[in-house]
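Scroll down for the structure; my scribbles are underneath it.
Read-outs: derived from the displayed coordinates by stated rules, not from any lab. Treat the numbers as computed from the prediction; the structure is a model and nothing was measured. Cβ placement follows ideal geometry from the backbone for every residue including glycine, while neighbour counts extend to all protein chains displayed.
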């Protein structure tokens, strides 16, 4: 995280703000900062999304490749995450600077997407045991404004929604091996089901109150935070990869109500995101206005 | 190298329908991020680049007795930027090469005597690479420097040029034309002062064609400079409108 | 034989020791949390009331354990580099605990002596290779700031600086000079007022 | 137990091979049946039989060896050394790094070892950070190295317990004793301290619920694993790592199971550590006795010198230092 230097007075100011549920930017403990989401920015990638959460800016590109499935799980496709902290965010990330933050984000995403109930790997399988799709989800962090876990998971889900997998027909050749023909007609493609794809919600503990969507300053003066990964399956929320970060410890009861807070917020967030993505889908139709991208 | 494609059709149109000396459509925006001191986004055709500038600040531990500015650049290309996925955004030979070229070109533009013993960090992130990556990166870096308020001698602008089979020079080469065999020349120039800061050729040019190709590239640079100047003016009007000094110019 | 007399209490990290009153001072191995003092090291609790009414609660860990030089400790260090302004040394022993890895120490010119600080001549006080006793003032970001401004602090073992192969430790003669027993060369040093082992054996 | 997963080359011809040579999903089923499944809600919440020995190695000051059932782990704490990475230095706390390595003979599948090591290392760092009083070694870096000798499940929880003991043993101040344990649920059966085979089964046949699709459409086949590390003086949870797919109710249920196991583990660790302190105390007393002899010898030498009237030699040796202020 870009290290924001705060004096003790500023920390107590933020702490008092959190105590009477009125943070320094006017939000209550349960509010998110305004977000802007846009899909289909990068034409080279099969799916892309850009999310700007206040001043956290994430760009995600999804590229596809044909690969051999893992022998232990022959009928599952593959998913690989890669996080790149661009030096645009802070000079600290120059060269190999941001590698441990990137490592932490990749691990929490892998953990959340690991279960086939969270992400249906079966749809990525072409021929069980022989050929399957491998999706590379490349996440580029352009600006750090706090709450990276949520922004990255939202952007990844939007990019997966936007991904177009070309239709593949298999023809049986004489020697028993099957040959795959990938159709290059851009409109003849299948989409990936993202209803149960999990969202990470960071519930951050400052003083003895829990709040959602911490800004960079709030993250500096919080000792510990719970990353709740919420996945919706026919209506009810499930947990797919929750863990603690921040190097502090948390009492059992505060952990329980952090969990409740995270679940309710996660549910709400998921509904909003699916509504937004539907809007994006119509927008991308023939009468679509130009994608604005960074030109706004 | 025999180009298997005919870069220029009989009616004088290129593969993507442009005239020989026509640039790709340029769109740019200054001040895209808050945290860097200066930032810019530039699109030239399908090549999309983000640039950020930090500084001038104290040089981190490097040799600082030479009393001119240390320009520290980094060129990195997003893994999804090209059709074939790159497994490492930076650190490979090409990005290190471009990093050196950026440093060389920008040190010609920045008035280094105004910032003795300090360091300016310029980071360029290519979101989508569709030919002339270096040229667009340099233009974006120039815009970011202007947004950061760093004194420049002049707009430093880069443009690429090539030669079709019928020896007609072409400006602003896209990736498809580059791949289909056209020789490529990249020029970074200070257009009004008619000075060339950096020149690079991907293949051999015949001597008597070299002159005309460089001239077309310089013409391209002048054209790009006018577009960038208009964009900067428009940005300043927009920025200044809040403090109502927009009516001044 | 139960060496443990009844009143020594063994404590583990996280155990509550006592309530914080104003006359109780936290020693090493303890920390204070909402009104109570807790142990942060495993070992024997000892409460010594050194001052008039203030008691120092500390946990003493028997056996060897890793230590970091804390402010106020007397450390043993070897002089590495001497420059006109400061002396760089490597701390290899804290109090009586030998360290496995040495930490960097810095002894500034004005911390060498209590009086007439500015007229100290580093070359007349320390030579690379000497072993010195010093006290830690505070911790800079990577090294420790040392001082030798007391009688008992200063050079303890020094070697004659001639290029002889067999380096014989010099004997302190007076507070500011040391003499090599073989070549009787006198060399200026800031000598620590300590009864070195060598002089006792010489007398016996 | 000979556990041979199918190697790339041809099968071992002629040798008598254990039955789980090649685990296909079908094998998983009857392997699952063959497991002595505890009842739905386990009553006996106890850790496996564990053996902990602090101070195992002589070359290193802080080391501990722990056996949790068949899982054997060795942890050492390297003395704090200067921080190399400039970026981490601005934090106002010391930095903790944990590195986990598998012994060559530790586990069967060797391809995933590097990735598992990195995964375990970063989770272990996140678990140990809350325990250590990092404000005491400012701008220094503490390295903890864990060597896994035998893998029979609950790797991370055993590593956390072992590191906790090693830290206390080497004298690094910690806020509290940390204990950790693992619980997992697979097809509505709760396994406490799952063995390596159960964990592998959990990972491989995770949620292929739709083979018996009929039963699962209504209730989702939950499967998941929780590792909780807790510090019980203030009932703090240091780390609670969950993977798999759990409903909030089962998540909280598993959390409580692990916390009760942690409590009994804590008693065990307290016993071991107090015994260790008493042992070292005796060593110290013996050492003091010997050094008392040495002091005695020094005393009577000085006495002898005084008697021979050489006290002026002692005094002259240390003449008054004119520069020292007269107090």
Open item on the list: I'd like the Kirkwood hydrodynamic radius of the range C:74-196, using the inverse of the mean 1/r over distinct C-alpha pairs, in Å.
Closed with: 14.5 Å
Open item on the list: Could you check the spin-label model distance between residue C:70 and residue A:21? Points 7 Å from the Cα along Cα→Cβ, value in nm.
Closed with: 4.4 nm
TODO: Specify the angular offset, from 0 to 90 degrees and rounded to the nearest 10, of the alpha carbon long axis of helix B:133-148 from the longest principal axis of the alpha carbons in chain B.
DONE: 20 degrees
Open item on the list: Please compute, for peptide A:60-72, the average count of beta-carbon atoms on other protein chains lying within 10 Å of each residue's beta-carbon.
Closed with: 3
Open item on the list: For a bin width of 10 Å, list the pair-distance distribution of chain A built from all Cα-Cα distances, rounded to whole %.
Closed with: 6, 26, 33, 22, 9, 3, 1, 0
Open item on the list: Taking the beta-carbon count within 10 Å as an exposure proxy, list C:11, A:24, D:162 from fewest neighbours to most.
Closed with: A:24, C:11, D:162
Task: Whole-angstrom Cα spans of the range A:1-135 along principal axes, big to small - done: 61, 34, 29
Open item on the list: Just want the ordering: A:238, B:155, D:51, from fewest to most Cβ atoms lying within 10 Å of their own Cβ.
Closed with: D:51, B:155, A:238
TODO: For the range B:103-249, state the semi-axes of the equivalent ellipsoid (square roots of 5 times the eigenvalues of the alpha-carbon gyration tensor), sorted largest first and rounded to whole angstrom.
DONE: 31, 17, 15
- [ ] Over the whole of A:248-255, what's the average partner chain Cβ count within 10 Å per residue? Rounded to a whole number, please.
- [x] 6
- [ ] Restricting things to alpha carbons, tell me how big the range D:223-311 is in terms of Rg and Dmax, in Å.
- [x] 27.8, 88
Task: Centroid-to-centroid separation of the range B:85-161 and the range D:130-199 [C-alpha atoms, Å] - done: 48 Å
Open item on the list: Please compute the contact order of chain A in relative form: average sequence separation of alpha-carbon pairs under 8 Å and at least six residues apart, divided by the residue count, as a percent.
Closed with: 19 percent
Open item on the list: What value in Å³ per residue do you get for the convex hull of the alpha-carbon atoms in the range C:1-120?
Closed with: 172 Å³
Task: Cβ-derived FRET efficiency at R0 45 Å, residue B:153 paired with residue C:49, nearest 0.05 - done: 0.05
Open item on the list: Using only the Cα atoms of the range A:184-296, what are the Rg and Dmax in Å?
Closed with: 18.2, 56
Open item on the list: With equal scatterers on the alpha carbons only and no solvent term, can you work out the Debye log10 of I(q)/I(0) for the range A:1-69 at 0.11, 0.18, 0.21 1/Å?
Closed with: -0.50, -0.84, -0.96
Open item on the list: In Å and on Cα atoms, what radius of gyration and Dmax does the protein assembly as shown show?
Closed with: 35.1, 121
Open item on the list: Between residue A:30 and residue A:283, what is the label-point separation in nm under the 7 Å Cα-to-beta-carbon projection?
Closed with: 2.8 nm
Task: A:76, A:22 arranged by Cβ crowding within 10 Å, fewest neighbours leading - done: A:22, A:76
Open item on the list: Can you give me the angle between helix B:93-109 and the longest principal axis of chain B, using Cα atoms only, in degrees from 0 to 90, rounded to the nearest 10?
Closed with: 60 degrees
Task: chain B - Kirkwood radius from inverse mean 1/r over Cα pairs (Å) - done: 18.8 Å
Task: Contact order normalised by residue count of chain B, Cα under 8 Å, 6+ apart, percent - done: 21 percent
Open item on the list: Taking a ≥ b ≥ c as the square roots of the Cα gyration tensor eigenvalues, with a/c under 1.5 meaning rounded and otherwise prolate when a/b beats b/c, else oblate, which class fits the range C:9-60?
Closed with: oblate
Open item on the list: Which residues does the label zone of residue B:10 cover in the range B:159-190, counting backbone N under 17 Å from a point 7 Å along Cα→Cβ?
Closed with: B:165-166
Task: Whole-angstrom gap from the range B:204-234 to the range C:110-129, using each part's C-alpha centre - done: 67 Å
TODO: For the range B:17-131, go through all pairs of different Cα atoms, get the mean of 1/r, take its inverse, and jot down that Kirkwood value in Å.
DONE: 15.7 Å
